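Step one of this worksheet: look at the structure below.
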Amino acid sequence: MNKIPMTSFGYEKLQKELKKLVNEDRPNIIAAIAEARGHGDLSENAEYQYAKEQQSLIEGKISELESAISQAEIIDVSKLSGSEIKFGATVKIFDDDANQESTYQIVGEFESDIENKKLSINSPLARGLIGKSKNDVVEINSPKGTKVYTVLSVKYK
């Protein structure tokens, strides 16, 4: 079984999401299905059909989260150090094309959130940065073409 790397923050976030789905969303959708059943003919009951679809989505998400949690390899970023980029690193890079600095933390795929500067370990940018150090120049092939970045700093928090 492949392990899924994640930070302790990401692991706790997954557990909270799973707990909400199991303890709140699942009972709510079961109640909605029961109420929709009371409205008569199920074959033409849009509320019932919608509730069943929602139940399917919730059960699928629960299954996905349970699988991810069972395969989680929690990495304590505060115990990591070094000058080389690896999982958990907070990296400041300079986009040579756009003439712009950006800072990202490299995290597991389930905790990635580009708006909060959390970059998935599986993204093309993170894969290109892994193993690099300060002042290294990195060429990343992206859907928009080749981009060139310079690593400005590597930190572990």
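Nothing in this text is a laboratory measurement; each read-out follows from the coordinates by a stated rule. Values in this document were obtained by computation on a predicted structure and should not be read as measured data. Neighbour counts are summed over all protein chains in view; Cβ atoms, including those assigned to glycine, are modelled from backbone coordinates with ideal geometry.
As a size descriptor, the averaged projected area of the C-alpha convex hull of segment 25-65 was calculated at 2.6 nm². Taking Thr146, Thr90, Thr103 as the candidate residues, the one with maximal mean-square fluctuation in a Gaussian network model of the chain, Cα springs under 10 Å, is Thr146.
The label point for His39 and the one for Ile114, both projected 7 Å from the Cα toward the Cβ, are 3.8 nm apart. Over segment 77-155, all Cα pairs binned in 5 Å intervals from 0 give whole-percent P(r) values of 3, 17, 28, 29, 17, 4, 1, 0, listed from short to long. Using only alpha carbons, segment 1-46 has a radius of gyration to Kirkwood radius ratio (Rg to Rh) of 1.30. P(r) tail for segment 4-75: Cα pairs beyond 22 Å make up 37% of the total.
Please give me the summed charge of the neighbours of Tyr104: other residues whose Cβ is under 10 Å from its Cβ, Lys and Arg +1, Asp and Glu -1.
Numbers: positive: Lys92, Lys117, Lys118; negative: none.
Result for the local shell: +3.
Label-to-label distance, Lys13 versus Ser153, with points set 7 angstrom from Cα along the beta-carbon direction: 2.2 nm.
Taken over the alpha carbons of segment 61-116 as equal point scatterers, the Debye sum produces base-10 log I(q)/I(0) values at 0.19 Å⁻¹ of -0.83. Which residues in segment 1-43 have a backbone N closer than 14 Å to a point placed 7 Å from the Cα of Ser70 along the Cα-to-Cβ line? Within reach of a label on Ser70: 1-4.
What residue among Asn116, Asn141, Asn45 has the largest mean-square fluctuation in a Gaussian network model of the chain, using Cα springs under 10 Å? Looking only at Asn116, Asn141, Asn45, the biggest GNM fluctuation is shown by Asn45. When the Cα atoms of the chain are aligned to their principal axes, the ranges along those axes come out at 68, 35, 26 Å in descending order.
Database remark: amide H of Asp96 closer than 5 angstrom to the amide H of Val148, Tyr149, Thr150 (H placed geometrically; neighbours at sequence offset of 5 or more, or on other chains; Pro and chain starts carry no H).
Give, as a single signed number, the net charge of other residues whose beta carbon lies under 9 Å from the beta carbon of Ser153, with Lys and Arg counted +1 and Asp and Glu -1. With Lys, Arg at +1 and Asp, Glu at -1, the neighbours total +3.
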